[in-house]
Amino acid sequence: MGRPDPEEGQLPAPVKPPDGGWGWIVLLGCFVITGFSYAFPKAVSVYFKELMKDFHVGYSDTAWISSIMLAMLYGTGPVCSIMVNQFGCRPVMLIGGLLASAGMILASFTTNIIELYLTAGVLTGLGMALNFQPSLIMLGTYFDKRRPLANGLAAAGSPVFLSSLSPLGQVLLEKFGWRGGFLIMGGLLLNCCTCGAVMRPLDMGMKRKMGKAQDKYEAKEMLPIGGKSEEGISTTDGTKKGKKAKKKPKKGKKLLDFSIFSNRGFIIYTISKFILVLGLFVPPILLVNYAKDTGVPDTEAAFLLSIIGFIDIFARPACGMVAGLKWVRPHVAYLFSFSMLFNGLTDICSARASNYTGLVIFCVFFGISYGMVGALQFEVLMAIVGSQKFSSAIGLVLLIEAFAVLIGPPSAGRLVDALKNYEVIFYLAGSEVALSALFLGVASYCCLNRGKKEPLPENNPSAGAGSDTEEAESDVQEAEEHSSDNHQPAHSTDNAVVVANEAANHVAEEQRGEGGGCPAGDGEVLARDGCNADQMVERDSF
């Protein structure tokens, strides 16, 4: 996935996603990677008090560990895209798993807070980033019809791991101390390597190999057995190799495809996501302190986050199932806009909650809306840019979101310190989320619907692979080009042309006898004046 073809130096035709099979194993790996990537920076917060005692630092100093992890997860998006496009998903994920594990293991031997920033923050954060982005790319490769459900199930890894890693970290802290806990957590991160190992790329060259074998078989069947047949086959193979060598320097995979910025849908999505992230993470960060200030006991205040996580676990897969419905999927961008509006209104309506019951109701509705946003965010991006450009698109989007992450929550914290009022913060965060929803919905309706292309004329051929007749015609063109470019002996080229022409005529006659007309369906071929294979063949490929 994402690598140039080693033989031709150009991108092969994408293989149809299987929507199952080994894809379920890939989904399981993506579930684990998503859980580690989003939950791990929050789970390490259970060690902060011990770190403050050992290193004689404040809470804000230790909080930078989680902030650096998240900054690396978002900010290194373009770097991940370049590495995936250059080396493929599986090698990048294996390296990322080793880096993430090594960062936590080295952190267990640190002697000051700066070393923790470099190991647990930078190294582990980079390793998780190199796992998170490729796993989403592979998920989009293996799923198409069931992709909304797959994205919802993979996104459920975040609340599941958050509800398990935090208690586990507390147990490790009590039994082994923070150093032993970091060491064991580093060992757990080696599971990222296992997840990377199962990210088997789809075989892009299978169709090409089958077509080559079929050409040889047809040539042997139509020509007399002997030296002439073997000569024709070897000459045809030689012309194809010469054609491949000629094409080699023409095309190559871009390390980072900036052409996606010409897609209006991508621009609208990016702007709305930037506004969304400014306010999306503020309520859960301030919720516990807000509850304590209203007189809620500490244990009950901490339980509010558990309510959000529990609801989130079921909301994400359920939303993925709804988004996969036939009458919903074409309008998934509007469903995403609705989920953001739902989340923003939940923040605004709960700003005046003054008792524990009101906060519990807020957590239920926030968990539902937050799960919907988490399940749909990458599904909408895949639908906008497609699987071929998704590797570049997600890297650029995560980079832009990184700035919003660094602006939103810290600014909210400063406003709380200055105003001593959480109500204003909830109003502000909810307004930002609602604004992003309105922008996405209105801009998508006004800009994208007006720019829809008119349907193609009926005489346009359908997309797909070429038929047998077209393959034979391409052999004729390849042989002629190879003869003119390389000045080979005339009798060899003539033999190749004879082989290809006879194959084309034979296949065309069989198709006329069976179907009584032009071939249809996948790989439909249209000739200018009928179905004669000796005439010009036209195909519209997508």
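The values are calculated or read from the model by the stated rules, or taken from the named source; none is laboratory data. Note that the coordinates shown come from a computational prediction; the quantities given were computed from them, not determined experimentally. We place every Cβ from the backbone using ideal geometry, glycine too, and count neighbours over all the protein chains shown. Side chains are part of the model used for accessible areas, which takes the heavy atoms of the whole protein and leaves out ligands, DNA and RNA. Shrake-Rupley method; radii C 1.70, N 1.55, O 1.52, S 1.80 Å.
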Scan the stretch 368-379 and tell me whether some residue there is modelled with pLDDT of 90 or more and more than 29 Å from residue 79 (Cα to Cα).
yes
Which of the following residues is assigned to a helix (DSSP H, G or I), buried (at least 18 other Cβ atoms within 10 Å of the Cβ) and over 28 Å from the mean Cα position of the chain (by Cα): 278, 286?
286
Condition met for residue 416 (modelled with pLDDT under 85 and assigned by the TED database to the domain that holds residue 329)
yes
Hits in the stretch 335-367 (condition: open to solvent by 20 Å² or more (accessible area, probe 1.4 Å), modelled with pLDDT of 90 or more and aromatic (Phe, Trp, Tyr)):
338, 342, 365
For the condition modelled with pLDDT under 90, in a helix (DSSP H, G or I) and within 19 Å of residue 94 (Cα to Cα), what is the one hit in 168, 149, 126, 136?
136
Which of (1) open to solvent by 20 Å² or more (accessible area, probe 1.4 Å); (2) part of a helix (DSSP H, G or I); (3) touching a Gly at 6+ places or on another chain (Cβ under 8 Å) does residue 177 not meet, given it meets every other one?
(3)
Identify, from the list 229, 272, the residue that is at pLDDT 85 or above, assigned to a helix (DSSP H, G or I) and open to solvent by less than 30 Å² (accessible area, probe 1.4 Å).
272
How do the pairs read when you match residues in the stretch 127-144 that are open to solvent by less than 10 Å² (accessible area, probe 1.4 Å) with residues anywhere that are among the hydroxyl-bearing types (Ser, Thr, Tyr) and part of a helix (DSSP H, G or I), using Cβ under 6 Å and keeping only pairs 6 or more apart or on different chains?
128/37; 132/37; 137/391
Tell me, yes or no, whether the stretch 250-269 has at least one residue that is at pLDDT below 80, exposed (fewer than 14 other Cβ atoms within 10 Å of the Cβ), polar (S, T, N, Q) and more than 29 Å from residue 434 (Cβ to Cβ).
no
Select, from 412, 434, 404, 393, the only residue that is farther than 25 Å from residue 334 by Cβ and open to solvent by less than 30 Å² (accessible area, probe 1.4 Å).
412
Considering the stretch 77-89 alone, what residues qualify as being more than 16 Å from residue 141 (Cβ to Cβ) and in contact (Cβ under 8 Å) with a residue 60 or more places away in the chain?
77, 78, 79, 82, 86
Are there any helices (runs of 4 or more DSSP H) wholly within the stretch 1-100 with 1 or more residues that are modelled with pLDDT under 85 and open to solvent by 20 Å² or more (accessible area, probe 1.4 Å), and if so which?
23-43, 48-55, 59-75
